[in-house]
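Presented below is the structure to which this report refers.
The values are calculated or read from the model by the stated rules, or taken from the named source; none is laboratory data. Since we're looking at a predicted model, the values are computed, not measured. Every residue, glycine as well, gets a Cβ built from its backbone with ideal geometry; the counts of neighbours run over all protein chains shown.
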Amino acid sequence: MVEANRQDSGEESFAALFEQSLMQEEVKEGDILQGTVIAVNKDFALVDIGYKSEGQIPLDQFRGADGVIDVKPGDQIEVLLESRENDAGMCELSKEKADRLKVWDEISDACERDELIEGTVTQRVKGGLSVTIRGGVKAFLPGSQVDLRPVRNLDVFLGQRYKFKVIKFNKKRGNIVLSRRVLLEKERAALKESTLGRLAEGQIAEGIVKNLTEYGAFIDLGGIDGLLHVTDMSWGRVTHPSEMFGVGDHVRVKVLKFNADTERVSLGLKQITEDPWIRAQEKFVPGTVVRGKVVSLKDYGAFLELEEGIEGLVHVSEMSWTRRIKHPSKMVAIGDPVEAVVLDIDIANNRISLGMKQLEPNPYEQLLEKYPLNTKVKGIVRNIADFGVFVEIEEGIDGLIHISDMSWTQRVKHPSEIFTKGDEVEAMMLNIEHDEGDKPKISLGLKQMGEDPWDIIPREYKIGQIVDAEVVKILDFGAFVDLGRGIEGLVHVSEISDEHIDDPRAVLNIGETVKVEFISIDIVERKIGLSIKSARRAKEMADAQGYTSAQAAGGATLGDVFSGKLAGLGGDDDKE
């Protein structure tokens with residue numbers, strides 16, 4: 001009996017040794033084996049894998065996501081056999097590597113089954129994002145695969161958890177590439193099909209602002225984008241879509257046009273509300289005082305927003321009665337509240353004309369009372385034109401001295417001969433023409449400040465009279481001389497000398513005093529003809545007859561002398 005027991009015990013011992021021998025031959029380095037934790041000390045867990053020797057695993061490999069080490073004797077775990085025997089005679093085992101290889105196998109199986117993998121975006125890396133998936137395995141998410149459209153700021157995805165499609169897997173290289181875009185495109189395609197089936201013109205739809213451009217906003221209606229043009233955003237003025245929307249905003253819009261074939265959708269926001277111009281004629285009657293906000297400045301005027309969708313124009317000419325407004329910015333700025341008067345409304349073209357100056361008294365209406373005709377006024381020369389000069393008689397009110405009203409006798413070729421800008425001038429008020437709504441036309445006269453010398457010329461000068469005159473201008477056809485009081489006469493080239501003269505400048509000098517005889521006086525044409533040679537001939541004859549200047553003092557002319565009309569000259573000789 002004892003002998004039989006010994007025999008059984010020997011057989012069992014032999015079987016165990018045989019099984020252990022077989023296992024030692026089958027176990028290879030790199031295999032994942034089932035092990036049992038048989039002891040846990042301060043730094044390691046002792047694990048039995050049924051091999052001739054146990055192995056140690058650092059406790060850090062048992063640390064969970066919460067940082068707590070969770071291991072105790074008797075736990076069944078999977079380990080990777082790195083080496084069957086180290087220098088200490090123990091197996092080198094790794095739980096961490098076994099877990100990782102197991103995860104890679106699971107990921108590989110998921111790829112083969114075309115399953116989605118869930119992960120958390122943990123880090124931004126070159127070209128994209130790093131995603132932590134099963135078992136802490138790191139995968140790469142390219143920037144082009146993050147969303148349907150390129151994303152400028154990938155940081156917004158950090159910490160987010162998504163489902164991904166594996167588009168590249170290499171277990172040997174440890175390389176996994178993911179895509180979120182593929183899933184979004186699939187979802188969008190399904191959503192698009194649903195949206196196209198229910199979309200119709202005139203429908204009110206809800207969407208999300210997807211993108212903004214200078215000309216409008218693209219609205220995601222659910223798998224399909226519609227364009228909300230900037231002109232269809234508001235009945236009022238919208239310079240840029242960003243004034244009304246931001247990317248991601250939820251909006252309600254109206255489908256204006258829809259083409260299922262081209263999948264083009266035109267949207268409108270303002271069309272949800274009534275056109276404010278429908279009732280504008282009732283609200284903005286000409287003559288009504290309104291209040292608005294300056295929303296735009298142009299060279300020609302300022303636009304006021306009277307209410308949403310309704311604007312009126314204040315032309316620069318309607319901003320001030322007297323000030324010269326070169327640009328509306330001299331009077332108002334964008335955002336300013338402004339009061340104005342409705343001048344006109346054009347419903348057909350959605351236009352309202354406004355005036356600011358109409359809120360102030362019209363200074364032109366009192367001009368005739370303030371400046372009666374034929375009264376003297378003073379002013380400053382502000383502008384010189386070919387036809388005259390403009391004289392400012394008070395701020396913003398100019399009068400014109402026409403070139404024909406500058407001198408009774410002097411022929412003025414250009415006003416600059418007499419005036420320069422800034423000159424102070426005294427003139428006569430001649431006329432005021434004032435049409436309601438327009439600036440008045442004020443005519444001033446300079447020559448009217450004095451008596452017209454042509455009223456006295458016929459009384460003071462006679463044909464044949466000889467006077468001294470100063471040469472003031474020499475031309476090819478003759479010379480003009482100053483007779484005094486601003487009166488000029490012409491000595492034609494043929495009246496300068498008995499000899500033929502080609503150029504008057506050869507015998508006369510400006511500033512030279514000469515004796516001239518009146519040979520013609522034309523009151524209608526206001527012209528005086530003079531002769532130097534006749535005056536010289538008359539003097540020579542007078543000298544020959546003994547005529548003296550003392551005799552001329554009596555008012556007689558040399559012509560009278562030669563006619564025998566002067567008493568005591570020549571007649572007595574005849575009598576004798």
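Details
- In the stretch 366-375, the condition of being in contact (Cβ under 8 Å) with a residue 40 or more places away in the chain, exposed (fewer than 14 other Cβ atoms within 10 Å of the Cβ) and touching a Gly at 6+ places or on another chain (Cβ under 9 Å) is met by no residue.
- Residue check for G478: over 30 Å from V493 (Cβ atoms), in contact with a strand residue (DSSP E or B) (Cβ under 8 Å, 6 or more places away or on another chain) and either among the small types (G, A, S) or not assigned by TED's automatic domain parsing to the domain that holds P372 (or both): no
- Number of residues in the stretch 149-178 that are assigned to a strand (DSSP E or B) and either surrounded by 13 or more Cβ atoms within 10 Å (Cβ to Cβ) or touching a Pro at 6+ places or on another chain (Cβ under 9 Å) (or both): the value is 10.
- Enumeration of residues in the stretch 474-495 that are under 60 Å from the mean Cα position of the chain (by Cα) and modelled with pLDDT under 90: G486
- Within the stretch 43-68, considering residues that are closer than 20 Å to K102 by Cα and in a loop (DSSP other than H, G, I, E, B), the one farthest from the chain's Cα centre (by Cα): I49
- Restricting attention to the stretch 232-271, the residues being over 17 Å from I208 (Cα atoms) and part of a loop (DSSP other than H, G, I, E, B) number 11.
- Single residue of the stretch 195-229 satisfying the filter (of a type in the set (D, E, K, R) and touching a residue at least 24 places away in the same chain (Cβ under 8 Å)) that is surrounded by the fewest Cβ atoms within 10 Å (Cβ to Cβ): E214
- Hey, S194 at pLDDT 85 or above and either over 30 Å from R252 (Cα atoms) or not assigned by TED's automatic domain parsing to the domain that holds S83 (or both) or not: no
- Scanning the stretch 437-457 for residues that are over 30 Å from E318 (Cβ atoms) and either modelled with pLDDT under 80 or small (G, A, S) (or both) gives G445, G450, E451, D452, P453, W454, D455, I456.
- Looking across V103, V71, V79, one residue alone is surrounded by 15 or more Cβ atoms within 10 Å (Cβ to Cβ), assigned to a loop (DSSP other than H, G, I, E, B), among the β-branched types (V, I, T) and over 58 Å from the mean Cα position of the chain (by Cα). It is V71.
- Boolean, S317 is farther than 26 Å from T231 by Cα, surrounded by 12 or more Cβ atoms within 10 Å (Cβ to Cβ) and in contact with a Gly (Cβ under 9 Å, 6 or more places away or on another chain): yes
- Matching residues in the stretch 279-298 - criterion: being under 22 Å from T231 (Cβ atoms) and exposed (fewer than 12 other Cβ atoms within 10 Å of the Cβ): R279
- Consider the stretch 275-294 and keep the residues that are at pLDDT below 90 and among the hydrophobic types (A, V, I, L, M, F, W, C). The one that is farthest from V342 (Cα to Cα) is I278.
- Residue identified as assigned by TED's automatic domain parsing to the domain that holds M429 and crowded, with 18+ Cβ neighbours inside 10 Å among G355, G309, G379, G301: G379
- Hits in the stretch 37-68 (condition: free of Cβ contacts under 8 Å to residues at least 12 places away in the same chain and either among the aliphatic types (A, V, I, L, M) or in contact with a Ser or Thr (Cβ under 8 Å, 6 or more places away or on another chain) (or both)): L46, A65, V68
- Some residue of the stretch 413-433 being over 30 Å from E395 (Cβ atoms) and either touching a Leu at 6+ places or on another chain (Cβ under 7 Å) or not hydroxyl-bearing (S, T, Y) (or both): yes
- Long-range neighbours under 9 Å by Cβ, at least six apart or interchain, first residue surrounded by 21 or more Cβ atoms within 10 Å (Cβ to Cβ) within the stretch 513-536, second aromatic (F, W, Y) and modelled with pLDDT of 90 or more: I528/F518; L530/F518; S531/F518
- Scope the stretch 480-521; condition under 29 Å from M406 (Cβ atoms) and of a type in the set (K, R); matching residues: R485, R505
- Residue selected from the stretch 69-78 under the condition among the β-branched types (V, I, T) and touching a residue at least 12 places away in the same chain (Cβ under 8 Å), by the criterion farthest from E96 (Cα to Cα): V71
- Count of the stretch 117-136 residues which are surrounded by 15 or more Cβ atoms within 10 Å (Cβ to Cβ) and part of a loop (DSSP other than H, G, I, E, B): 1
- Answer residue from the stretch 458-473, given it is basic (K, R) and modelled with pLDDT of 85 or more and is farthest from the chain's Cα centre (by Cα) among those: K462
- Residue count for the stretch 82-100 under the criterion of being more than 12 Å from I49 (Cβ to Cβ) and in a helix (DSSP H, G or I): the result is 4.
- Among (1) within 23 Å of K186 (Cα to Cα); (2) in contact with a helix residue (DSSP H, G or I) (Cβ under 7 Å, 6 or more places away or on another chain); (3) surrounded by fewer than 19 Cβ atoms within 10 Å (Cβ to Cβ); (4) without any contact (Cβ under 8 Å) to a residue 40 or more places away in the chain, the one test that V146 misses: (3)
- Among the criteria (1) under 22 Å from V247 (Cα atoms); (2) in a helix (DSSP H, G or I), the one S108 does not fulfil is (1).
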